[in-house]
1. Quickly run through region 38-60 and pick out the residues that are without any contact (Cβ under 8 Å) to a residue 12 or more places away in the chain and not in a helix (DSSP H, G or I).
2. Test Glu41 against the stated conditions and say whether it is at pLDDT 85 or above, acidic (Asp, Glu) and surrounded by 10 or more Cβ atoms within 10 Å (Cβ to Cβ).
3. In region 51-81, which residue that is within 30 Å of Tyr3 (Cβ to Cβ) and open to solvent by less than 100 Å² (accessible area, probe 1.4 Å) is modelled with the highest pLDDT?
4. Restricting to region 23-34, count the residues that are surrounded by 10 or more Cβ atoms within 10 Å (Cβ to Cβ) and not aliphatic (A, V, I, L, M).
Amino acid sequence: MVYNDEVRKFVEGLGVEKISKRLVNSREGPPVFEQPEMTLEKLMEYGNMLVMEKENVKRIQLADQYFNETALGENVKRVQLHCVTCVAGKSDVTDPAAKNFDPIARSD
């Protein structure tokens with residue numbers, strides 16, 4: 001993460017459109033990044049960023065799991081299927097003989 005900040009500054013200073021010319025067969029040679037100064041405050045900042053990212057990933061996974069394992073998830077899947085069949089002109093979800101029959105649907 002520390003070097004990511006240095007690379008980000010390099011790219012922003014140079015401009016994305018000039019990166020390939022600067023990195024590939026450049027007369028200037030490869031870019032040199034100074035070793036960042038690591039202070040306790042900087043380490044804590046990066047540590048907190050990692051913790052927040054981990055919590056965000058956990059929240060997303062829990063939301064996906066909840067969504068997939070609840071009736072809400074099943075209802076949304078039905079609505080999506082119904083919308084796809086309507087667009088395709090196969091709106092027969094209330095016909096018990098149809099492949100896409102949905103016993104909860106009230107109209108095609």
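The values are calculated or read from the model by the stated rules, or taken from the named source; none is laboratory data. Treat the numbers as computed from the prediction; the structure is a model and nothing was measured. Note that we place each Cβ from the backbone using ideal geometry, even for glycine, and neighbour counts take in every protein chain shown. Accessible surface areas use protein heavy atoms only, side chains included; no ligands, DNA or RNA. Shrake-Rupley method; radii C 1.70, N 1.55, O 1.52, S 1.80 Å.
1. Here is the first cut: in region 38-60, the residues without any contact (Cβ under 8 Å) to a residue 12 or more places away in the chain are 39-41, 43-45, 47-48, 51-60.
Thr39, the sole residue that qualifies.
2. Working: at pLDDT 85 or above: yes; acidic (Asp, Glu): yes; surrounded by 10 or more Cβ atoms within 10 Å (Cβ to Cβ): no.
Taking the combined requirement at face value, the residue does not satisfy it.
3. Going residue by residue through region 51-81, those that are within 30 Å of Tyr3 (Cβ to Cβ) are 51-61.
Next, from what is left, pick out any that are open to solvent by less than 100 Å² (accessible area, probe 1.4 Å): 51, 55-58, 60.
Details: Val51: 92, Glu55: 89, Asn56: 86, Val57: 85, Lys58: 85, Ile60: 84.
Here the residue is Val51.
4. Looking only at region 23-34, we keep the residues that are surrounded by 10 or more Cβ atoms within 10 Å (Cβ to Cβ), and these are 23, 26, 31, 33.
Filter once more, so that each one left must be not aliphatic (A, V, I, L, M): 26, 31, 33.
Looking only at that region, the number is 3.
Here's the yes/no breakdown for (1) surrounded by 10 or more Cβ atoms within 10 Å (Cβ to Cβ); (2) aromatic (Phe, Trp, Tyr); (3) free of Cβ contacts under 8 Å to residues at least 40 places away in the same chain; (4) assigned to a helix (DSSP H, G or I):
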position	(1), (2), (3), (4)
Glu12	no, no, yes, yes
Lys18	yes, no, yes, yes
Lys21	yes, no, yes, yes
Pro36	yes, no, yes, no
